[in-house]
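This report refers to the structure that appears directly beneath it.
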Amino acid sequence: MLKVLIITYYWPPAGGSGVQRWLKFVKYLQDFDIVPVVYTVDNGNYVKEDASLLKEVPQNIEILKQPIWDPTNLLFWRKNKQQRQGVSNLSKGGLLSYIRGNFFIPDPKIVWVQASVNYLQKYLDTNGVDVIISSGPPHSMHLIAQKLHQKNDVKWLADFRDPWTDLYYNKDFKQGSFAKNKSKKLEEGVLKNADCILTVSPTLQKEFSKIARRVELITNGFDAEILASEKAVLDINFSISYIGLLPKQSNPIILFKVLKELCDESSEFRKALQINFVGDISEDVKAAIKANNLEMNTSFLGYVSHQKAITYQKCSQVLLLLIPDVVNNKGILTGKLFEYLAAKRPIIAIGPVHGDLATILKETNAGAVFAFENPKKLKLEIKRLYDAYTEGTLFIAAKNIKKYHRKELTKNLASILKSLNS
């Protein structure tokens, strides 16, 4: 049996997308003769919590925890305020963001690194493991693993759920040249020294391969609870639903303009239209809804449990997927995509038409991507979907999605981990 130590900040009761990837890997690793040990924070300053995810943690695994003092408690918003405001609005680009970007590199969890190394080294002195795994962001988790890798004869796999220096909202931190250079140097150190880099999209795999000696791709996916849940009753209205975090960089202004036009052209369309936002939504998005006279057609349902989010996905007539309108966005594959695929509802995506998302939607026959600057094509597609809705024929025949099941993905991970020790 192979034994792996997984270093991750996000772990139940944390909610949101960051927790899903390694929670699901841990859920299935033992099926492939791999014993996971999880190291995580004892008092995580999580923006959102979902206690229902605790039920998915295997009861027989070892979980190591250490407390963290998080400087964001002093610099930004205390937890109760975060719960009100939501992560979609945290990066304001002001003084506090500047402090975050220039004094806590790569992120505020840097204060947890040395204490974690000391604690885990004591564990490794008496408990052997075959592979150390780190998952970022926060990318400080990689720095913990790197120090342990240097001290011990143990293989290291670094999982990049998102880019590091190229992460789209980094510019809001207004980093000076010193901070940018330091962050870049830390990133390169991880990419060069890890025995294997794991990442979530083909474009990121290609980028990391310019520096790292081995880069493997395992996308995010969907799990059994989506397929197993009861057959959903579709919404009566023509619902277009977005589930998840929606930052200002993904504000779909083009969509709102198109929907306003369709509402102005048809009172029946306006009467039928229902726009649902489930999760943390940027204030910029709410302002755009108001500017396009869509308030009466829109519901902001807030953050909900993962199970409830699945229900919204399966009941919606159409699912909305948004990629940030930023440089280097072709490799962005939101984790929600794969749950959307399993929900088997038509997907409208707004983003780069030649990116990784467009490739997956085409191969699965699940929907299409529309460019940020092409309202004409988007309008035609929404009209087509609406016509199918009125005729009772709004369905899709999704294909090639089985490979994105979390158990299949964990099988691939197990193969990679075993190859590191072969």
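Read the figures in this text as sums done on the coordinates, not as results from a lab. Only a predicted model underlies this, so the values are computations on that prediction, with no experimental measurement involved. With ideal geometry, Cβ positions are generated from the backbone for all residues, glycine too; neighbour counts draw on all protein chains shown.
Going by C-beta contacts inside 10 Å, put Tyr389, Tyr98 in order with the fewest on the left.
Working: Tyr389 19, Tyr98 16.
Final ranking by Cβ density, sparse to dense: Tyr98, Tyr389.
Assign unit charges at the C-beta atoms only (+1 for Lys and Arg, -1 for Asp and Glu), then state the dipole size of the chain relative to its Cα centre in Debye, rounded to the nearest 20. All intermediate terms of the calculation are to be shown ahead of the outcome.
Details: 57 positive and 42 negative charges, 110 e Å.
For this selection, approximately 520 debye.
Using each residue's phi in region 310-321, evaluate 6.51 cos²θ - 1.76 cosθ + 1.60 at θ = phi - 60° and report the 3J(HN,Hα) Karplus result to the nearest Hz, with x for Gly and Pro.
After applying 6.51 cos²θ - 1.76 cosθ + 1.60, I find 4, 4, 4, 4, 6, 8, 6, 5, 9, 10, 9, 10 Hz.
Which angle between 0 and 90 degrees, to the nearest 10, do you get for helix 253-265 versus the longest principal axis of the chain when only C-alpha atoms count?
20
For His405, which sequence-distant residues (separation of 5 or more, or a different chain) have an amide H within less than 5 Å of its own amide H, given hydrogens modelled in the peptide plane?
Hits under the 5 Å cutoff: Phe222.
Mind pulling the angle between the C-alpha long axis of helix 177-193 and the longest principal axis of the chain? Nearest 10 degrees, somewhere in 0 to 90.
Relative to the chain, helix 177-193 is tipped by roughly 70 degrees.
For the chain, what is the calculated [θ] at 222 nm in deg cm²/dmol (nearest 500), taking -39500 (n - 2.57) for each run of four or more DSSP H residues and dividing by its residue count?
That comes out to -12000 deg cm²/dmol.
Output wanted: per-residue J couplings in Hz (rounded whole) for region 124-131, from phi through Karplus 6.51 cos²θ - 1.76 cosθ + 1.60, θ = phi - 60°, x for Gly and Pro.
Coupling constants for region 124-131: 5, 4, 10, 9, x, 10, 9, 9 Hz.
Check Ala368: other-chain or 5+ apart residues with amide H under 5 Å from its amide H, H built from backbone geometry?
Hits under the 5 Å cutoff: Ile347, Ala349.
If I take every Cα pair under 8 Å that is 6 or more residues apart in the chain, average their sequence separation and divide by the length, what percent do I get for the relative contact order? Before the final figure, lay out each step's value.
On the way: 754 pairs, mean separation 63.7, N = 422.
This gives 15 percent for the chain.
Apply the a/c threshold of 1.5 to the C-alpha gyration tensor of region 224-402 and tell me whether it is rounded, prolate or oblate. Kindly include the intermediate steps, with their values, before the conclusion.
Values: a/c = 1.26, a/b = 1.11, b/c = 1.14.
It is rounded, given that a/c, with a ≥ b ≥ c, falls under 1.5.
Less than 14 Å Cβ to Cβ from Asp195, Lys/Arg counted +1 and Asp/Glu -1: what total charge do the surrounding residues give? Could you put the intermediate results ahead of the total?
Working: positive: Lys155, Lys192, Arg213, Arg214, Lys418; negative: Asp130, Asp153, Asp159, Glu216.
In short, +1.
What residue among Asn237, Asn412, Cys196 has its Cα farthest toward the positive end of the dipole of the chain, where the charges are +1 on Lys, Arg and -1 on Asp, Glu, each on the Cβ?
Checking the options against the dipole of the chain, the answer is Cys196.
A 28 angstrom limit on the alpha carbon distance is what I want to check against. Which of Lys109/Lys248; Lys27/Lys185; Lys24/Lys418 exceed it? Don't skip to the answer; put the middle values down first.
Working: Lys109/Lys248 24 Å; Lys27/Lys185 34 Å; Lys24/Lys418 18 Å.
Table pairs above 28 Å Cα-Cα are Lys27/Lys185.
Could you pull the Cα extents of region 121-261 along its three principal axes, largest to smallest, in whole Å?
61, 45, 27
Taking neighbour Cβ counts within 10 Å as the exposure measure, how do Ile332, Ile133 sort from fewest upward?
Working: Ile332 24, Ile133 28.
Sorted ascending by nearby Cβ count, the order is Ile332, Ile133.
Quick one: which residues, 5+ away or cross-chain, put their amide H under 5 Å from the amide H of Lys155? H built at 1.01 Å from N.
For Lys155, whose amide H was placed from the backbone, the distant partners under 5 Å are Ile132.
Kindly write out, for region 136-145 in residue order, the coupling ³J(HN,Hα) from the Karplus curve 6.51 cos²θ - 1.76 cosθ + 1.60 (θ = phi - 60°), rounded to whole Hz, with x marking Gly and Pro.
Whole-Hz 3J(HN,Hα) from phi for region 136-145: x, x, x, 6, 4, 4, 5, 6, 4, 5.
For Lys48, give me every one of the aspartates and glutamates with a C-alpha distance below 15 angstrom, ignoring sequence neighbours fewer than eight places off in its own chain.
Asp280
Holding the Cα-Cα limit at 31 Å, pick out from Lys362/Lys407; Lys210/Lys379; Lys271/Lys314 the pairs that are longer than that. Intermediate values should be presented prior to the final figure.
Values: Lys362/Lys407 23 Å; Lys210/Lys379 40 Å; Lys271/Lys314 22 Å.
Lys210/Lys379, as the Cα separations exceed 31 Å there.
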